[in-house]
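Read through the structure below, which is laid out as structure tokens, and then see the notes.
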Amino acid sequence: MNQMGVVVRALLVVLIAGCLGCGSQSDYTGEKRFPVSGTVTFGGEPIPNGMISLIPEDGKSNPAGGPIESGAFKIPAEKGPNKASYRVAVYWHKPTGKKKIDPDTDEQIEEVEQVIPAKYNDATELSVVVTGDPESDVMEFNLD
């Protein structure tokens, strides 16, 4: 499977897991999850609004992710990753100022473009190890 397919599947798992948390369900009984937080800059500036995903390298641990707001992200323990190694994907879609037709609704919508280079998302070169230590699990990503 190519890098894009892996990233898309991981993002779908994160989204589905988040939706499942909205309804009633039994308590989580898997490996312990940990909170993670941190900052993300691009070109020396905080990313104003984006998404970060932690994709388990072992294929077994929980993926995790959340929004980036004003350069910061915080993923609580109940939606957090396990102790493991993760690839990190960062996304920031910025409006282009143009409009386009949405193929699903035929309505005009604002066109956006991915600002962050593929080496930080679809073909990510970023990785982290979640340790379960609150001090070590504060991450800083300075993207160029």
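Below are the figures for this structure:
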| item | result |
| --- | --- |
| Residue check for residue 89: over 12 Å from the mean Cα position of the chain (by Cα) and within 29 Å of residue 27 (Cβ to Cβ) | no |
| Wholly enclosed strands (runs of 3 or more DSSP E) of segment 55-131 bearing at least 2 residues among the charged types (D, E, K, R) | 93-101, 108-114 |
| Residues (surrounded by fewer than 16 Cβ atoms within 10 Å (Cβ to Cβ) and in a strand (DSSP E or B)) located in segment 30-47 | 37, 41, 45, 46 |
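Each value in this text was obtained by applying a stated rule to the coordinates, not by laboratory testing. Just so it is clear, the model here is predicted, and its values are computed rather than measured. Reconstructed Cβ throughout: ideal geometry from the backbone, glycine too, with neighbour counts over all protein chains shown.
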